[in-house]
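Notes to accompany the following structure.
What follows is calculated from the coordinates using simple rules that are stated; it is not laboratory data. The structure presented is a predicted model; accordingly, all values stated were derived computationally and were not measured. With ideal geometry, Cβ positions are generated from the backbone for all residues, glycine too; neighbour counts draw on all protein chains shown.
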Amino acid sequence: MRILVTGGAGFIGSHTADRLITLGHDVVVLDALTPPVHRGGRPDYLSAGIDFYQGDVRNRDLMTNLLRRVDAVYHFAAYQDYLPEFSKFSDVNIVSTALLYEIIVAEGLDLARVVVASSQSAMGEGLYWCPADAEQTPGIRPESALAAGQWDIICPVCSGPLELRTTPERISNPQNPYGMSKFGQEMVAINLGRRYGIPTVALRYSIVQGPRQSVYNAYSGACRIFCLSYLLGVPPTLYEDGGAIRDYVNIDDVVDANVVALTDARAAGRVFNVGGGQAVTTREFAEIVRQQYDSDLEAVVTGEYRFGDTRHIVSDIRALGDLGWKPQHTPADSVAAYARWLAGIDSLDGVLAEANARMRALGVVRQSAVLPEAGR
Ligand SMILES: NC(=O)c1ccc[n+]([C@@H]2O[C@H](COP(=O)([O-])OP(=O)(O)OC[C@H]3O[C@@H](n4cnc5c(N)ncnc54)[C@H](O)[C@@H]3O)[C@@H](O)[C@H]2O)c1
């Protein structure tokens, strides 16, 4: 097949493009090479065999021309950040998806598959269990609680403690602008796909980790921040109390899931979680990175937190598991691969400090009443 990969110069897109080429497909990439993800032109890691176009996914003419020439699409191009640019999240992530379907319908294109990159953030705080009040899907944590350093979520009905559950795809409860835009994108894709008979799959990735994850984008997450910290010899900061739980997923496992979404007829019309299958606290994750760098520096709690973050979220991955997919890699595998890749990157000076200063200045990273932990 000839396959269009939007955002194919980015982290997930480029790895997916590599696999598609290995599988014998022709790959066309459309990518705007947006900062801060990209700092120079076409990235070196992008395979020479790719038919590359620099441009915006919201450009109707460009998209029409490319869509006419392909059999399937992966829509990965997206705006991802913690910044309060609410309209930009909707514009890039939702409008581009609506445009994609508008063109497919207007041109009467017969595509074998459209795969859109949704996100675990579409599920917000996810699923909890209250012994007294049964299943709960909590809303946004009050800012007053976060400012006071009260991180854990309590039952919205009885205010008692909640037990974390893995979150299945039936839960949609996005709480930050990015998550809302990803849920919007997913709804547009799945519902227009069903209505117009365009076989569509939406994949809700958990936090994806591995080489090529932009070092310049503050949104790139724990693997980037902790690896950069250890590489630069500063103790990494743990937001909240370091107890936030996630299920980090390895890029190779994500690419496997992307292939299933393209090829398995049972996937069409459905939303799937793509998670790591293992619950890990931020502190545990930092420890994995510390061991990778063989450092004596331990991560520290500074009393800071990230505005809009969810406390815990672990995806239920049984639905995609039923199609034969299974994560094969651990967070330690992802960290080792990322650290190897990072070691080959020049000009990392200031990257961490710049991103942190920007996040603090914009009120994305905030200080709670919790006092900083002494470094050890
Ligand atoms: N990386 C993760 O942990 C993660 C988790 C959940 C969901 N996702 C989703 O997966 C997809 C890929 O994420 P990634 O981590 O590879 O991100 P990335 O930033 O590495 O890649 C995204 C690419 O899209 C391009 N792009 C951005 N805006 C564009 C536009 N308007 N037109 C054309 N190109 C544009 C960027 O230049 C970049 O190369 C995104 O849709 C993202 O929302 C990622």
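To keep it simple, each residue is scored yes or no on (1) closer than 23 Å to residue 138 by Cα; (2) in contact with a Ser or Thr (Cβ under 8 Å, 6 or more places away or on another chain).
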{"site": "245", "(1), (2)": "yes, yes"}
{"site": "251", "(1), (2)": "no, yes"}
{"site": "271", "(1), (2)": "yes, yes"}
{"site": "280", "(1), (2)": "yes, no"}
{"site": "283", "(1), (2)": "no, no"}
{"site": "307", "(1), (2)": "yes, no"}
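Scan the range 56-70 and report the pairs whose first residue is closer than 20 Å to residue 2 by Cα and whose second residue is charged (D, E, K, R) and more than 14 Å from the ligand (Cβ to nearest atom), with Cβ atoms within less than 8 Å and a gap of 6+ or a chain change.
Correct list of pairs: 64/107; 67/107; 68/107; 69/2; 70/2.
Give the range 126-140 a look and list any residue that's within 16 Å of the ligand (Cβ to nearest atom) and surrounded by fewer than 23 Cβ atoms within 10 Å (Cβ to Cβ), or say none. Let's see the steps before the verdict.
Quick first cut of the range 126-140, residues within 16 Å of the ligand (Cβ to nearest atom) only: 126.
Once the filter is applied, which keeps residues that are within 16 Å of the ligand (Cβ to nearest atom) and surrounded by fewer than 23 Cβ atoms within 10 Å (Cβ to Cβ), the range 126-140 yields nothing.
What do you reckon, is residue 303 in contact (Cβ under 8 Å) with a residue 24 or more places away in the chain, of a type outside the set (A, V, I, L, M) and surrounded by 17 or more Cβ atoms within 10 Å (Cβ to Cβ)?
Values: in contact (Cβ under 8 Å) with a residue 24 or more places away in the chain: yes; of a type outside the set (A, V, I, L, M): yes; surrounded by 17 or more Cβ atoms within 10 Å (Cβ to Cβ): yes.
Yes, satisfied.
Being away from the ligand (no atom under 15 Å from the Cβ) and in contact (Cβ under 8 Å) with a residue 60 or more places away in the chain is the filter here; which residues of the range 71-104 pass it?
Filtering the range 71-104 for residues away from the ligand (no atom under 15 Å from the Cβ) gives 71-72, 84, 86, 101-102, 104.
Once the filter is applied, which keeps residues that are away from the ligand (no atom under 15 Å from the Cβ) and in contact (Cβ under 8 Å) with a residue 60 or more places away in the chain, the range 71-104 yields 71, 72, 84, 86, 101, 104.
Name the residues in the range 3-38 that are away from the ligand (no atom under 11 Å from the Cβ), part of a loop (DSSP other than H, G, I, E, B) and either in contact (Cβ under 8 Å) with a residue 40 or more places away in the chain or under 22 Å from residue 224 (Cα atoms) (or both), would you?
The one that is away from the ligand (no atom under 11 Å from the Cβ), part of a loop (DSSP other than H, G, I, E, B) and either in contact (Cβ under 8 Å) with a residue 40 or more places away in the chain or under 22 Å from residue 224 (Cα atoms) (or both): 23.
Report whether or not residue 319 is within 29 Å of residue 168 (Cβ to Cβ) and part of a helix (DSSP H, G or I).
Details: within 29 Å of residue 168 (Cβ to Cβ): yes; part of a helix (DSSP H, G or I): yes.
Taking the combined requirement at face value, the residue satisfies it.
Within the range 277-291, take every residue that is in a helix (DSSP H, G or I) and not β-branched (Val, Ile, Thr) and give me the one that is surrounded by the most Cβ atoms within 10 Å (Cβ to Cβ). Quick ask: steps written out before the conclusion?
Kept after step one, since they are in a helix (DSSP H, G or I), are these residues of the range 277-291: 282-291.
Next cut, not β-branched (Val, Ile, Thr) only: 283-287, 290-291.
Values: 283: 15, 284: 15, 285: 28, 286: 24, 287: 16, 290: 20, 291: 13.
Taking the candidates together, the pick is 285.
Being within 13 Å of residue 100 (Cα to Cα) and assigned to a loop (DSSP other than H, G, I, E, B) is the filter; apply it to the range 39-69 and report the residue that is farthest from the ligand (Cβ to nearest atom). Don't jump to the end; show me each part of the working.
Going through the range 39-69, the residues within 13 Å of residue 100 (Cα to Cα) turn out to be 56-68.
In the following step, the residues that additionally are assigned to a loop (DSSP other than H, G, I, E, B) were identified as 56-59.
Numbers: 56: 4, 57: 4, 58: 6, 59: 8 Å.
Result: 59.
Could you list, in sequence order, all residues of the range 199-250 that are within 15 Å of the ligand (Cβ to nearest atom), farther than 14 Å from residue 342 by Cβ, among the β-branched types (Val, Ile, Thr) and not in a loop (DSSP other than H, G, I, E, B)?
200, 201, 208, 249 - these are the residues of the range 199-250 that are within 15 Å of the ligand (Cβ to nearest atom), farther than 14 Å from residue 342 by Cβ, among the β-branched types (Val, Ile, Thr) and not in a loop (DSSP other than H, G, I, E, B).
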